[in-house]
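Working notes, beginning with the structure itself.
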Amino acid sequence: MKSKIVKLTWKVAFVFVLLTAAFAIYFYQNAELAKQIFATYLPKAQSVMNEDGTLSYVGVVMNNVFACAMCIGMGCIPFIFLPALSVLSNCMIIGALLGYGAAAGTISPLPAIVYGLLPHGIFELPAFFLSMAMGIYLCRTLTMKLLGKAKEEKILTMLNHLAKTFVLVVIPLLIIAAVIECNFTPMIMKAAGIHS
């Protein structure tokens, strides 16, 4: 099970990069549509902000833990692979930000990724990729079980493994990522001349 989830995590990461690049190109050419994405995403972004406009550490951690838990939880519904929607929506949001910023001339994609995303993304993205992979794996296993093609799979053992991975791997990665995102990413972006 562990090796299957690791392989699936790498596949999710690969698809994530490709889709994000595709969305960035699309929104670069259709910048007005990106505004609609931002209008939908803005309330969520504001929910993790302090009153002074800085990021709330607790807000960021809770938001990301909930999002990762949802990625896994959606896998409990067989056949329709809802965790894949989480991959798609995150790619669309990041792609819209990069594409619109490039089109408007307010952000250069490569520096934005290097200075604005990677410092905390080194920890946050693997946590999300792993959560998405676990959700997809859960959905696939339940689907195969219902079709009678995974008789050897023990659901309770699998759920126990997923829960341990979430608590011992995903949550610590998200906590580290939040510390960096709230305390260091803004300073790195400011030093690089990128405005958040």
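Counted over all Cα-Cα pairs of the chain, pairs farther apart than 22 Å make up 51 percent.
Coupling constants for region 161-171 follow from the phi torsions by the Karplus curve (6.51 cos²θ - 1.76 cosθ + 1.60, θ = phi - 60°), and in residue order they are 5, 5, 5, 5, 5, 5, 6, 8, 10, 5, 4 Hz; glycine and proline get x.
Each peptide among 32-38, 138-144 gets the average number of other Cβ atoms lying within 10 Å of its residues, and from highest to lowest they stand as 138-144, 32-38. Over all other residues within a Cβ to Cβ distance under 12 Å of residue 117, the charged ones net out to -2, with Lys and Arg as +1 and Asp and Glu as -1.
Give, as a single signed number, the net charge of other residues whose beta carbon lies under 15 Å from the beta carbon of residue 157, with Lys and Arg counted +1 and Asp and Glu -1.
Local net charge: +4.
From the phi angles alone, apply the Karplus equation (6.51, -1.76, 1.60; θ = phi - 60°) to region 115-124 and give each ³J(HN,Hα) in whole Hz, x where the residue is Gly or Pro. For region 115-124, the Karplus-derived couplings read 9, x, 10, 5, x, 9, x, 4, 9, 5 Hz, x marking Gly and Pro.
As a fraction of the 1.4 Å probe accessible area of the chain, surface on carbon and sulfur atoms comes out at 71 percent. From most to least packed by mean Cβ count within 10 Å, the peptides 46-58, 108-120 give 108-120, 46-58. Couplings 3J(HN,Hα) of region 27-32, computed from phi: 6, 5, 7, 10, 4, 5 Hz, in residue order, whole Hz [Karplus 6.51 cos²θ - 1.76 cosθ + 1.60, θ = phi - 60°; x for Gly and Pro].
Using a probe of 1.4 angstrom and keeping all protein chains present, the accessible surface of the chain works out to 57 square angstrom per residue.
Cross-link partners for residue 145 among the lysines, with Cα-Cα distance under 30 Å and sequence neighbours closer than 8 places in the same chain left out: 2, 4, 7, 11, 154, 164. For residue 49, the residues whose amide H sits under 5 Å from its own are 56, ignoring neighbours fewer than 5 places away on the same chain, with H placed 1.01 Å from N.
The values are calculated or read from the model by the stated rules, or taken from the named source; none is laboratory data. Keep in mind that this is a model prediction, so the values were computed, not measured. Note that each Cβ is placed from the backbone with ideal geometry, even for glycine, and that neighbours are counted across all protein chains shown. For accessibility, only protein heavy atoms count, side chains too; no ligands or nucleic acids. Shrake-Rupley method; radii C 1.70, N 1.55, O 1.52, S 1.80 Å.
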